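S.K.: Can you keep this structure in mind? I'll have questions shortly.
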Amino acid sequence: MRASRAGAPQAYSRHRARNMGVLLALCVALLLAALLSLRAGSYDTPVLELLKGIAGRAEDSSVNIVVRNMRLPRICTAILGGAGLGMAGVVLQSVLRNPLASSSTLGISQGAGFGAAFAIIVLGAGLQAGGGVAFSNPALIGLCAFGGSMAVSVLILALSRLRQITPEAMVLSGVALSSLFSGATTLLQYFADEVQLTSLVFWTFGDLGRTGWGEVGIMAAVAAAAGIYFFFNRWNYNALESGEQTAVSLGVNVGRLRIVSVLLCSVVAAVVVSYMGIINFIGLVAPHMVRRFLGDNHCYLIPGSALMGAVLLLLGDLAARNAAAPVVLPIGAITSFLGAPLFLYLLFKGRNRP
């Protein structure tokens with residue numbers, strides 16, 4: 001008995017060291033992916049010169065401009081967007097008690113698509129310029145996409161408060177609202193002209209190059225605020241993993257935790273989607289990948305999901321930029337192509353485990 005008690009702290013220390021090692025490995029992977037993304041492009045510039053360009057001290061002034069105004073905002077967008085979607089995914093899966101929960105499951109992406117369609121088709125924010133697609137008012141599109149996403153979230157939360165519905169019913173409500181907003185978007189497309197349809201399709205493809213430093217700052221502030229709340233409540237999420245009754249007996253206000261968490265996840269996902277377009281599977285796959293290495297402890301799951309989401313989106317953007325260079329493929333399609341098989345692999349591998 002004494003030997004067993006003495007071995008428990010050692011086992012915990014080994015477990016903690018292993019999890020910290022996984023997080024450190026994810027940090028290294030993120031750094032390598034960021035360096036690869038910094039090098040990707042038509043400018044074949046040495047890494048050292050690119051690193052100098054971050055501080056604006058490259059010998060070639062054009063390198064400073066390319067790095068600081070184009071590549072670095074894109075990298076920061078991928079990191080913040082992937083981290084935000086990863087955190088939102090793991091928290092939604094916890095509070096809704098559903099391993100398939102994500103921003104797409106709740107209809108947030110579909111709400112954003114409807115908002116963007118409304119801005120482009122009804123408010124005239126899309127146009128064709130120089131044989132390509134441009135947006136006459138990107139801020140309006142982003143604002144409407146954010147409004148559409150939040151409309152879905154508010155409706156789900158209102159239903160949960162009025163009817164005291166279960167987490168399963170919240171997910172089903174999200175599926176129903178997703179279908180509703182998808183139908184509304186299709187109806188708007190029916191009355192759109194060619195330019196408006198082209199603009200809408202281009203927006204839904206997803207693109208990490210639409211953001212500047214102002215948008216990056218907003219994404220950073222939202223992701224940081226949500227991340228602080230999530231990490232502060234990490235033990236509450238752990239308690240909820242054992243069941244609602246257990247969490248309540250431990251003093252967790254489950255109703256408030258669920259509503260605030262869903263609201264913050266919705267805000268994070270809405271901001272990401274409004275700036276980047278529809279990005280699939282990051283919020284679903286990232287938590288499942290890190291859970292296989294880190295277990296169910298949210299002390300490690302939350303930062304691990306954020307890091308994994310950032311790595312996945314950076315790698316997806318690299319694939320989009322290099323697969324058919326100089327053409328940049330849609331990041332939404334790339335994440336779907338990479339995420340769907342990966343999720344199926346994780347699903348069936350998990351089922352085959354003894």
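S.K.: So how do 221-227, 142-148 stack up, highest first, on mean other-Cβ count within 10 Å?
M.R.: Packing order, densest peptide first, comes out as 142-148, 221-227.
S.K.: Could I ask something else about it? Answer rounded, prolate or oblate for the stretch 159-230, using the Cα gyration tensor with square roots of eigenvalues a ≥ b ≥ c: rounded when a/c is under 1.5, else prolate when a/b is larger than b/c, else oblate. Show your work: numbers first, answer last.
M.R.: On the way: a/c = 3.58, a/b = 1.10, b/c = 3.26.
Cα axes put the stretch 159-230 in the oblate bin.
S.K.: At q = 0.19 Å⁻¹, what log₁₀ I(q)/I(0) does the stretch 245-347 have when each alpha carbon counts as one equal point scatterer in the Debye sum?
M.R.: Taking Cα atoms of the stretch 245-347 as identical point scatterers yields -1.06.
S.K.: Provide Rg and Dmax in Å for the stretch 151-292, with only Cα atoms included in the calculation.
M.R.: Answer for the stretch 151-292, Rg first and Dmax second: 18.0, 59 Å.
S.K.: Still on this structure, please answer the following. For the stretch 26-165, build the charge dipole from Cβ charges (+1 Lys, Arg; -1 Asp, Glu) around the Cα centre, then report which of GLN93, LEU143, PHE114 sits farthest towards its positive end.
M.R.: The residue sitting farthest along the positive end of the dipole is GLN93.
S.K.: Classify the stretch 281-320 as rounded, prolate or oblate from the Cα gyration tensor: take a ≥ b ≥ c as the square roots of its eigenvalues, call it rounded if a/c is under 1.5, otherwise prolate when a/b beats b/c and oblate if not.
M.R.: Here the stretch 281-320 falls in the prolate category.
S.K.: Shifting gears a bit: Helix by helix through the chain, keep the DSSP H runs that span 15 Å or more along the axis on Cα and average at least -1.0 on Kyte-Doolittle, and give those back in order.
M.R.: 2-39, 72-95, 138-163, 167-190, 194-205, 213-232, 254-276, 282-294, 298-322, 331-351
S.K.: Which whole-angstrom value gives the distance between the alpha carbon centres of the stretch 289-322 and the stretch 260-288?
M.R.: 13
S.K.: What FRET efficiency, computed as 1/(1 + (r/R0)^6) with R0 = 41 Å and r the Cβ-Cβ distance, is obtained for VAL28 and THR166, rounded to the nearest 0.05?
M.R.: 0.50
S.K.: Right, here's the next one. So what are the three principal axis dimensions of the chain from its Cα atoms, in whole Å, longest to shortest?
M.R.: Projected onto the principal axes, the Cα atoms of the chain cover 77, 55, 37 Å.
Bear in mind these aren't lab numbers, they're just calculated from the coordinates by the rules spelled out. Keep in mind that this is a model prediction, so the values were computed, not measured. Ideal geometry is used to build each Cβ from the backbone, glycine not excepted, and the neighbour counts take in all protein chains shown.
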